[in-house]
Amino acid sequence: MLAKRIICFFILVSLACSCNNPENPPKQDNTENSTTSPQNTKPLIKAPEFNADSAFAFVERQVSFGPRIPNSEAHRKCADYLVQTLQRLGASTQIQEFQATSFDKKTWNGKNIIGSINPQATKRILLAAHWDSRRFSDKEKDTTLHKKPIDGADDGASGVAVILEILRTIQNAPEKPQVGIDVIFFDLEDDGTPENYKEEDHSNATWCLGSQYWSKNKHQPNYSAYFGILLDMVGAKGAKFYHEPFSLQYAESIVQEVWQTAQRLGFANYFINQRMPSQGGGGIMDDHFYVNRDGKIPMIDIINYENSFPAHHHTQADNLQIIDKNTLKAVGQTLLQVLYNQTLQ
Ligand SMILES: [Zn+2]
């Protein structure tokens, strides 16, 4: 069944990926009963095993370049690495270059990195994550650290790593999913206005610059996908993933499918089958918002958030030590299962 598409032109209350300042009144929507829909009873098609050790190595490798701040050497090297890795994993690749201006009027050379598996398949699933890392640690208690960039092992690298490991698993598996898979690693997601920054623009539009660009300038003009899944902060120990409000609004059936699949695989401790507790009830301003609103592709967000972001968010603690292979496994195995369960009907 095609994902329910509810295109909403309201500006909704949002919690920026790093900014907890709701700007607008909460939107009332019809998703309060989202946990009560019928259980999915489709049989699970056997999916191959997701290897969390290999996924962890993909996190490690990205972090090893240093913070992936646009215009830096680490950013350039990591971009090359991601393109080469996608190619090695069987994807045809493309880099979408763009320029964007940040809240502090700096100009950045961004790269959205795009890969495509099984390009002949007409039914396509889009997997996305951001690959840049934040140039501030603005949630550190110690203000002298605020201008220090973060490793972004969780916030950035974990989502990319899970997607790379999904591709590697599929490449090595004798049975492939029936659907085609597209990947977008968005740039400049995490360069929004710091919390303590007084003078300038605190609007939500300072975040997600790569996905904002792509959603209005797709790499193929008529590109679409059956649905999309965004991964953001999917690697930390003890992560909790709830139904994110924008995801429910735009793609509720996909939320149900993913969370029910996770329950059936035994990952209910990670995928909490309830609407996300959030301040004001609003959604998370993340790349999926623009892919839904402007790109018109129903996309959900799997993101670690429960009333607030976890303690390591936008601090120096977002490093390799925070990454737990059990969390990577829960997310990766669930997504593999969702992909293998897709049929062409
Ligand atoms: Zn972030």
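Please find, within the stretch 22-74, the residue that is farthest from Gly332 (Cα to Cα) out of those that are among the acidic types (Asp, Glu) and modelled with pLDDT of 80 or more. Show your work before the answer.
The initial filter retains those residues of the stretch 22-74 that are among the acidic types (Asp, Glu), namely 23, 29, 32, 49, 53, 60, 73.
Cutting the leftovers down to modelled with pLDDT of 80 or more gives us 49, 53, 60, 73.
Working: Glu49: 9, Asp53: 12, Glu60: 16, Glu73: 30 Å.
Here the residue is Glu73.
Do any residues in the stretch 214-243 that are closer than 17 Å to Ala153 by Cα have Cβ atoms under 6 Å from those of residues that are within 16 Å of the ligand (Cβ to nearest atom) and among the β-branched types (Val, Ile, Thr), where the two are at least six apart or on different chains, and which pairs are they?
Listed pairs, sorted by first residue: Leu231/Ile302; Asp232/Ile303; Met233/Ile303; Val234/Ile302; Gly235/Ile323; Ala236/Ile322.
Quick one: which residue in Lys111, Lys77, Lys141 is under 27 Å from Phe309 (Cα atoms), at pLDDT 95 or above and not acidic (Asp, Glu)? It would help to see each step written out before you state the result.
On the way: Lys77 fails: under 27 Å from Phe309 (Cα atoms); Lys141 fails: at pLDDT 95 or above.
Matching residue, one of Lys111, Lys77, Lys141: Lys111.
If I ask for residues that are surrounded by 24 or more Cβ atoms within 10 Å (Cβ to Cβ) and of a type in the set (D, E, K, R), which ones from the stretch 209-239 would you list?
Asp232
Mind counting the residues in the stretch 106-131 that are in contact (Cβ under 8 Å) with a residue 24 or more places away in the chain, out of contact with any helix residue (DSSP H, G or I) (no Cβ under 6 Å at 6 or more places or on another chain) and of a type in the set (D, E, K, R)?
2
Give me the pairs, please: first residue somewhere in the stretch 161-190 and closer than 15 Å to Tyr340 by Cα and touching a residue at least 24 places away in the same chain (Cβ under 8 Å), second residue anywhere and within 16 Å of the ligand (Cβ to nearest atom) and of a type in the set (Gly, Ala, Ser), beta-carbon distance under 9 Å, and either six or more positions apart or on two chains.
Listed by first residue and then by second, the contacts come to Ile163/Ala128; Ile163/Ala129; Asp182/Ala128.
Give, as residue ranges, the strands (runs of 3 or more DSSP E) completely inside the stretch 104-193 that count at least 3 residues that are within 16 Å of the ligand (Cβ to nearest atom) and closer than 22 Å to Phe56 by Cα. Don't jump to the end; show me each part of the working.
Working: elements: 107-117, 124-130, 180-186.
Because the criterion is at least 3 residues that are within 16 Å of the ligand (Cβ to nearest atom) and closer than 22 Å to Phe56 by Cα, the strands (runs of 3 or more DSSP E) in the stretch 104-193 that meet it are 124-130.
Scan (1) surrounded by fewer than 20 Cβ atoms within 10 Å (Cβ to Cβ); (2) at pLDDT 95 or above; (3) not hydroxyl-bearing (Ser, Thr, Tyr) for the single condition His288 breaks and write down its number.
All conditions are met except number (1).
For the stretch 212-243, which residues satisfy the criterion of being within 16 Å of the ligand (Cβ to nearest atom), of a type outside the set (A, V, I, L, M, F, W, C) and out of contact with any His (no Cβ under 8 Å at 6 or more places or on another chain)?
Gln212, Gly235 - these are the residues of the stretch 212-243 that are within 16 Å of the ligand (Cβ to nearest atom), of a type outside the set (A, V, I, L, M, F, W, C) and out of contact with any His (no Cβ under 8 Å at 6 or more places or on another chain).
With the structure loaded, tell me whether His313 is surrounded by 24 or more Cβ atoms within 10 Å (Cβ to Cβ) and within 16 Å of the ligand (Cβ to nearest atom) or whether it fails that test.
On the way: surrounded by 24 or more Cβ atoms within 10 Å (Cβ to Cβ): no; within 16 Å of the ligand (Cβ to nearest atom): yes.
It is false that His313 is surrounded by 24 or more Cβ atoms within 10 Å (Cβ to Cβ) and within 16 Å of the ligand (Cβ to nearest atom).
Would you pick out the residues in the stretch 240-281 that are surrounded by fewer than 22 Cβ atoms within 10 Å (Cβ to Cβ), touching a Pro at 6+ places or on another chain (Cβ under 9 Å) and at pLDDT below 95?
Gln279, Gly280, Gly281
Considering only residues that are over 21 Å from Thr261 (Cβ atoms) and either at pLDDT below 95 or buried (at least 21 other Cβ atoms within 10 Å of the Cβ) (or both), which ones fall in the stretch 316-338?
Applying the first criterion (over 21 Å from Thr261 (Cβ atoms)) to the stretch 316-338 yields 316-323.
Correct list: Asp318, Ile322, Ile323.
If you check Leu265 against the conditions, is it away from the ligand (no atom under 16 Å from the Cβ) and hydrophobic (A, V, I, L, M, F, W, C)? Show your work before the answer.
Values: away from the ligand (no atom under 16 Å from the Cβ): yes; hydrophobic (A, V, I, L, M, F, W, C): yes.
Yes, satisfied.
For the stretch 243-266, enumerate the residues that are over 14 Å from the mean Cα position of the chain (by Cα) and hydroxyl-bearing (Ser, Thr, Tyr).
Within the stretch 243-266, Tyr250, Ser253, Thr261 meet the criteria.
If we scan the stretch 160-180, do we find a residue that is among the small types (Gly, Ala, Ser) and under 23 Å from Cys208 (Cα atoms)? Let's see the steps before the verdict.
Here is the first cut: in the stretch 160-180, the residues among the small types (Gly, Ala, Ser) are 161, 173, 180.
Next, from what is left, pick out any that are under 23 Å from Cys208 (Cα atoms): 161.
Yes, because at least one residue in the stretch 160-180 is among the small types (Gly, Ala, Ser) and under 23 Å from Cys208 (Cα atoms).
The values are calculated or read from the model by the stated rules, or taken from the named source; none is laboratory data. Here the structure is a predicted model, which is why all the values come from computation and not from measurement. Cβ atoms come from the backbone with ideal geometry, glycine included; neighbour counts cover every protein chain shown.
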